[in-house]
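Below is one structure, written out as structure tokens; comments come after it.
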Amino acid sequence: TAVRFLYLSCEMEDVSMREMVGGCCVCSDERGWAENPLVYCDGHGCSVAVHQACYGIVQVPTGPWFCRKCESQERAARVRCELCPHKDGALKRTDSGGWAHVVCALYIPEVQFANVLTMEPIILQYVPHERYIKTCYICEDHGRESKAACGACMTCNRQGCRQAFHVTCAQMAGLLCEEEGPEADNVKYCGYYGPSWRGAVRLSVRALSWTPHGSRVITIDFKVITADPVV
């Protein structure tokens, strides 16, 4: 089947059933819920796993499910995110016929979704030119200088820091997080200040509902990923 659940007890974090290994390509959470399951792509060699809410799947199919990249049958060499140098992951079409990661679209504030229900196509025309001329320090630190200037970069949220990085590079490095508190919003840290931020939490989407106007209302779970004392 297209849906595999991965349950974790909220209190004990014990695995009660594990049919597939690997978390959501968008929020990185490995948990799945009946109202928001993890859905795995059945494409040959594809490792994409997404929550229904994270990928804008209106109705989970009972049979095989294919991510947009596999569904398109476009040659893999031609599929490239317009916002970062990485090809793998949960991609959707842009309004210009290209591709972009859903996680890149969610974290870059100027990016929009033409249809908020299906989260596609991804609209990039409002992303300022300045984002495309920044270089990713994570790419540079890992010897990927040729890719450092590809796509659009985010900047660190710490006041006074000018470090820039690709959303997916930050995701793979564990730097995309939510700051704990009632005013929490998507927070992007460059990594140099990790010990200074206590109570950082990882975002996971638990449920998705809809307002009469078609806007998404997302119920969020938080998981503490660091409790280091402030220094």
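The values are calculated or read from the model by the stated rules, or taken from the named source; none is laboratory data. It should be emphasised that the depicted structure is a prediction, and the values quoted were computed from it without experimental measurement. Cβ placement follows ideal geometry from the backbone for every residue including glycine, while neighbour counts extend to all protein chains displayed.
In this structure, is Glu120 charged (D, E, K, R), farther than 16 Å from Ala170 by Cα and crowded, with 20+ Cβ neighbours inside 10 Å?
It is true that Glu120 is charged (D, E, K, R), farther than 16 Å from Ala170 by Cα and crowded, with 20+ Cβ neighbours inside 10 Å.
Can you tell me which of Ser28, Ser16, Ser47 is under 30 Å from Ile133 (Cβ atoms) and either modelled with pLDDT of 95 or more or hydroxyl-bearing (Ser, Thr, Tyr) (or both)?
Ser28
Can Gly56 be described as under 25 Å from Glu82 (Cβ atoms), of a type outside the set (S, T, N, Q) and without any contact (Cβ under 8 Å) to a residue 12 or more places away in the chain?
no
From Tyr107, Tyr126, Tyr137, grab the single residue that is exposed (fewer than 15 other Cβ atoms within 10 Å of the Cβ) and of a type in the set (Phe, Trp, Tyr).
It is Tyr126.
Can you confirm whether segment 49-67 contains a residue that is in contact with a Lys or Arg (Cβ under 7 Å, 6 or more places away or on another chain), within 30 Å of Ala164 (Cα to Cα) and either surrounded by 13 or more Cβ atoms within 10 Å (Cβ to Cβ) or of a type in the set (Gly, Ala, Ser) (or both)?
Looking through segment 49-67, none of the residues is in contact with a Lys or Arg (Cβ under 7 Å, 6 or more places away or on another chain), within 30 Å of Ala164 (Cα to Cα) and either surrounded by 13 or more Cβ atoms within 10 Å (Cβ to Cβ) or of a type in the set (Gly, Ala, Ser) (or both).
Among the listed residues Cys177, Cys161, Cys190, which satisfies the condition of being buried (at least 21 other Cβ atoms within 10 Å of the Cβ), modelled with pLDDT under 90 and in a loop (DSSP other than H, G, I, E, B)?
Of the residues listed, the single one that is buried (at least 21 other Cβ atoms within 10 Å of the Cβ), modelled with pLDDT under 90 and in a loop (DSSP other than H, G, I, E, B) is Cys190.
Among the numbered criteria (1) modelled with pLDDT of 90 or more; (2) more than 19 Å from the chain's Cα centre (by Cα); (3) surrounded by 13 or more Cβ atoms within 10 Å (Cβ to Cβ), which one does Leu8 miss?
That leaves (1) as the condition not met.
If the requirement is being of a type in the set (A, V, I, L, M, F, W, C), at pLDDT below 95 and on the phi < 0 side of the Ramachandran plot, which of these qualifies: Val116, Val127, Val102?
Val116
Restricting attention to segment 77-91, does a residue exist that is at pLDDT 95 or above and either among the acidic types (Asp, Glu) or surrounded by fewer than 17 Cβ atoms within 10 Å (Cβ to Cβ) (or both)?
Within segment 77-91, one or more residues are at pLDDT 95 or above and either among the acidic types (Asp, Glu) or surrounded by fewer than 17 Cβ atoms within 10 Å (Cβ to Cβ) (or both).
Residues to consider are Val167, Val201; find the one that is at pLDDT below 90 and either crowded, with 19+ Cβ neighbours inside 10 Å or under 18 Å from the mean Cα position of the chain (by Cα) (or both).
Val201
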